[in-house]
Amino acid sequence: MRLLVTGGAGFIGSNFVHQTVRERPDVRVTVLDALTYAGDEASLAPVAEQITFVRGDVADAELVDRLVADADVVVHFAAESHNDNSLSEPWPFVQTNVIGTYTLLEAVRRHGTRYHHISTDEVYGDLELDDPAKFTPETPYNPSSPYSSTKAASDLLVRAWVRSFGVQATISNCSNNYGPYQHVEKFIPRQITNVVDGIRPKLYGTGENVRDWIHVEDHNSAVWAILERGRTGETYLIGADGEENNKAVVELILELTGQPRDAYDLVSDRPGHDMRYAIDSTKLRTELGWTPRYGSFRDGLAATIEWYRANEAWWRPQKDATEAKYAQLGR
Ligand SMILES: NC(=O)c1ccc[n+]([C@@H]2O[C@H](COP(=O)([O-])OP(=O)(O)OC[C@H]3O[C@@H](n4cnc5c(N)ncnc54)[C@H](O)[C@@H]3O)[C@@H](O)[C@H]2O)c1
């Protein structure tokens, strides 16, 4: 199989490439990545000899057409992915998430290529804390931020290209990921690296917001299950029943790093901050037989903390600039 992975130098994409090289030696991987501030070729260093890396933009129609012509399957991870950035500068989100997806869809349509679209549960908006409901594939779209609205727009383009043009596509909407190679701007790596640097972790608002955490390896094994057994035109929700509020996550990071559990600061909240996400992954589990390998959030988090401790050279170059950006926001 000739596999084109967009955004393969980012957090989830690089883990997907590592997993694919490790477990599927018959797959020939090409990565297309623009190496924005969020992409890092160093994340692919351990597999550099086994893959082809192309630096370029998913909205570059000519380049995308050439790469898609040479692929059997496309998995599209590339995106602007950080909510806080989308509030200060929305345009790159429209350009990459919407125009970039459109560009890929036109190319897979021309070449008849199988396409899998990586998306987020944030397209569904949020749930109340006391609501027992979870997101299902039937939940109406109700995105809150420029990030989630551009991801929602891209999902709808995929659905329309399936219906109107018969594109062979699937979509997955996953909950919040954690694990190695995640940019230090994101909640869990930011707090881990703050503790390493002797800075008190920062909690938005009151810290009650709930996220449904899944280890990145579990997200990626689900993507493979969809590539191998998913039905064209279908949407699969990926989640591992990992609901935790942000306060509990920070307290656990502090505990696992030998700090007092209350050694954090409350900072101003993100405008429009979604309250709770929760995924019902029944369809993925029953139809495709997928199960997560990481049973315990605590163990997965402990392993992630160890990874950040052992790989300071990977994250250190980003840390100061990231904290300077947060300082401007007062967060
Ligand atoms: N992180 C999460 O918890 C999460 C959860 C569900 C879904 N997702 C989705 O998974 C995908 C990957 O997320 P991530 O957390 O790995 O993001 P990330 O920000 O770590 O990585 C994004 C990658 O895309 C590349 N990129 C950005 N714009 C590009 C462009 N125009 N052309 C080519 N490459 C470009 C970047 O250089 C980077 O390598 C996204 O589509 C995101 O919406 C993320």
Inset, instruction - Within the set of other residues whose C-beta is less than 9 Å from the C-beta of HIS82, count the net charge using Lys and Arg as +1 and Asp and Glu as -1. - result: -2
Legend entry - Filter on LYS151/LYS319; LYS186/LYS247; LYS247/LYS283; LYS202/LYS319; LYS247/LYS319; LYS134/LYS283 - keep pairs with C-alpha separation over 19 Å: LYS151/LYS319; LYS247/LYS283; LYS247/LYS319
Legend entry - Gyration tensor verdict on the chain (Cα atoms; rounded if a/c is under 1.5, prolate if a/b is larger than b/c, oblate otherwise): prolate
Legend entry - GluC sites (Glu not before Pro) lying in DSSP loop within the range 253-331, provided at most 14 other Cβ fall within 10 Å: none
Legend entry - Nearest-20 debye value, the range 125-188 charge dipole, Cβ charges on Lys, Arg, Asp, Glu: 380
Inset, instruction - On a C-alpha basis, how far is the centre of the range 133-205 from the centre of the range 274-331 in Å? Whole number, if you could? - result: 11
Inset, instruction - In a Gaussian network model over the chain where Cα atoms closer than 10 Å are linked, find which of THR139, THR150, THR101 has the largest mean-square fluctuation. - result: THR139
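Above 24 Å lies some portion of the pair distances; for the range 1-136, what is it as a whole percent of all C-alpha pairs?
Numbers: 3047 of 9180 pairs.
So the pairs more than 24 Å apart make up 33 percent of the total in the range 1-136.
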Legend entry - Sites ALA263 and ARG159, calculated FRET efficiency, Cβ-Cβ separation with R0 56 Å, nearest 0.05: 0.75
Legend entry - Sequence of TYR294, TYR204 once ranked by neighbouring C-beta atoms within 10 Å, starting from the fewest: TYR204, TYR294
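So, counting K/R as plus one and D/E as minus one, what does the shell of residues with Cβ under 12 Å around ARG110 add up to?
Summing Lys and Arg as +1 and Asp and Glu as -1 gives 0.
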Legend entry - Residue (of HIS219, SER296, ALA133) at the positive-pole extreme of the chain, dipole from beta-carbon charges: HIS219
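Report, for the chain, the % of DSSP beta bridges that are antiparallel, rounded to 5.
Looking only at bridges with both residues in the chain, the antiparallel portion is about 10 percent.
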Inset, instruction - Would you mind working out the magnitude of the charge dipole of the range 204-316 relative to its Cα centre, with +1 at each Lys and Arg C-beta and -1 at each Asp and Glu C-beta, to the nearest 20 Debye? - result: 240
Legend entry - Karplus-derived 3J(HN,Hα), 6.51/-1.76/1.60, for each residue of the range 322-331, Hz, glycine and proline x: 5, 5, 5, 5, 5, 4, 4, 7, x, 10
Legend entry - Exposure proxy ranking, count of Cβ atoms within 10 Å, fewest first, for GLU23, GLU228: GLU228, GLU23
Legend entry - Folded to 0 to 90 degrees: helix 297-310 orientation relative to the chain principal axis, Cα: 90
Legend entry - Sequence of HIS82, HIS116 once ranked by neighbouring C-beta atoms within 10 Å, starting from the fewest: HIS82, HIS116
Legend entry - Rounded tilt (10° steps) of 187-196 against the dominant C-alpha axis of the chain: 50
Legend entry - Student exercise, the chain dipole from Lys, Arg, Asp, Glu Cβ charges, in Debye to nearest 20: 560
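Each value in this text was obtained by applying a stated rule to the coordinates, not by laboratory testing. Everything numeric in this text was worked out from a predicted model, so none of it was measured. Please note: Cβ atoms are built from the backbone with ideal geometry, for glycine as well, and neighbour counts cover all protein chains shown.
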